[in-house]
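Read-outs throughout are calculated quantities, based only on the coordinates presented, and are distinct from any laboratory measurement. Because the structure is predicted, anything quoted here is derived from the model rather than measured. Cβ coordinates were reconstructed from backbone atoms using ideal geometry, including for glycine residues, and neighbour counts include every protein chain displayed.
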């Protein structure tokens, strides 16, 4: 229309590029202060861009609030557990622990981000962690009281992180010790009279000229005494096996 097509296109393109740069500048300023400022007024495609960003921010904020609520709920739930819960990162440092873990291991909030092995220094626990075989839990005395017995169960997850459950098994441990002592004492007290009875039965069985009636009576007596001896051996077998395992584990450690 004005006879200067090239200059008109160059001028129009420059004006359009300047307007685009101005809109990008407004967008940059608003994104840096979007928490305190409303989006700038704009029309056309830039108005749609600002509106879409606002919707994405609101959606992100709702998702963030939901996740924070889930995390808070999870922490409240684990805090109510009697068992201690400890989360370790892939370097063995404590990310988080609940109140029960703090009580059982005498941990403080400022101990977070420190290695757990700094607070549970028992050699068996250190080797248990280093070996990485967590199929069976580990029972050890408390780091702060020999009268307290704690059980550690480790579960690996994520990228090398670990979840540790710490339980107070003192009562169960004492009951198990009482059961073992009872079985050992009863077995010992019964073994002596059974040995005497078997000895007399065998001696009577080998006596010359024994009445046939007594001979028939001695046979079931000997069988029953042998059966009682076998039962006592069966009662002692689990305790002997556990003692052997414990000694073998201690020797290998």
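Of the listed values (1) 26.7; (2) 18.5; (3) 19.2, grab the one calculated as Kirkwood radius over Cα pairs in Å from the structure here. Identified label for the calculated read-out: (1). For the chain, the longest principal axis of the Cα atoms and the long axis of helix 170-205 meet at an angle of about 20 degrees.
Stokes-Einstein diffusion coefficient for the range 5-77 at 20 °C in a medium of 1.002 mPa s, Rh from the Kirkwood formula over Cα pairs: what value in µm²/s? Please list the in-between numbers first.
Working: Rh = 15.2 Å.
In µm²/s, the coefficient rounds to 141.
Over the chain, DSSP H runs of length four or greater, each weighted -39,500 (n - 2.57), average out per residue to a 222 nm ellipticity of -22000 deg cm²/dmol. Put in line by how crowded their Cβ is, counting other Cβ atoms within 10 Å and starting with the fewest, 24, 85 read 24, 85. In plain terms, the residue of 50, 134 with the fewest other Cβ atoms within 10 Å comes first and the most crowded comes last, giving 134, 50.
With contacts taken as Cα pairs under 8 Å and at least 6 residues apart, the chain reaches a relative contact order of 11 percent. Counted by neighbouring Cβ atoms within 10 Å, the residues 173, 182 run from fewest to most as 182, 173.
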